[in-house]
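A quick write-up on the structure given underneath.
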């Protein structure tokens, strides 16, 4: 091996053979879910059954949030100009930045800071949570993962935490964000944990690196963006003015999974 050769531990390609982290992809096909393959690609091993189901639920939770998010408006605007699907999708993904989609990363940072202080000081989570909140409030800094412009109680959060308990996935990450929620209530602000906060806590408990935090938002949101792009292409006229909130829903009426 010469000095210009570099290494990868992700995928091995040989004639008539494709392996992901050592597993033949044709043998994985039909045997594992897409969420399991994502975990395998990122972590190098297949996840336990409970972790796989939790990850799948997390991805479903953020697949779309209507026509108002900046990434959706960006994707629809781009395709309205005649851009092809890949360019419109890129416009949407590139709009996921510091103020839209970055809450998972920011919230993980706060939770990891809190857990570090618990380990270093020996104080309980409730005390550390109250001290953290007071510090952020004194600096007039917002704690990501709390509050929502539409939901006073995010239904996705409740479902994710319920599943995490059922699947025995919830650990210190979930405990820390619940301690912060209690600290908010004690301070007189009853802010809900939003879906980004829930995912941040669960990614800690799944031992995912913080550097991948916003990747989970992007991976989840891509199918939703594609749906909006296709709808814009097939239902709307080109080069229209797209108002972020001046729209109405005309899809299927509420229906039960059963």
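What the table below lists for this structure:
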| quantity | calculated |
| --- | --- |
| Selection status of residue 207, farther than 25 Å from residue 92 by Cβ and modelled with pLDDT of 95 or more | yes |
| Selection status of residue 257, at pLDDT 95 or above and under 24 Å from the mean Cα position of the chain (by Cα) | no |
| The listed residue being modelled with pLDDT under 95 and in the same structural domain as residue 202 (by TED's automatic domain parsing), out of 67, 74, 83, 90 | 67 |
| Sole exception among (1) in a loop (DSSP other than H, G, I, E, B); (2) at pLDDT below 95 for residue 136, by number | (1) |
| Residue list for segment 1-28, restricted to those being touching a strand residue (DSSP E or B) at 6+ places or on another chain (Cβ under 9 Å), assigned to a loop (DSSP other than H, G, I, E, B) and surrounded by fewer than 16 Cβ atoms within 10 Å (Cβ to Cβ) | 10, 22 |
| Residue within segment 248-256 that is part of a helix (DSSP H, G or I) and either exposed (fewer than 11 other Cβ atoms within 10 Å of the Cβ) or assigned by TED's automatic domain parsing to the domain that holds residue 104 (or both) present | no |
| Checking residue 145 against (1) over 30 Å from residue 64 (Cβ atoms); (2) touching a strand residue (DSSP E or B) at 6+ places or on another chain (Cβ under 7 Å), the condition it does not meet | (1) |
| Lone unmet requirement of (1) touching a residue at least 12 places away in the same chain (Cβ under 8 Å); (2) more than 19 Å from residue 71 (Cα to Cα); (3) out of contact with any helix residue (DSSP H, G or I) (no Cβ under 7 Å at 6 or more places or on another chain) for residue 180 | (3) |
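The values are calculated or read from the model by the stated rules, or taken from the named source; none is laboratory data. Bear in mind the structure is a predicted one, so any value in this text is a computation, not a measurement. As a convention, Cβ positions derive from the backbone with ideal geometry for all residues, glycine included, and neighbour counts pool all protein chains shown.
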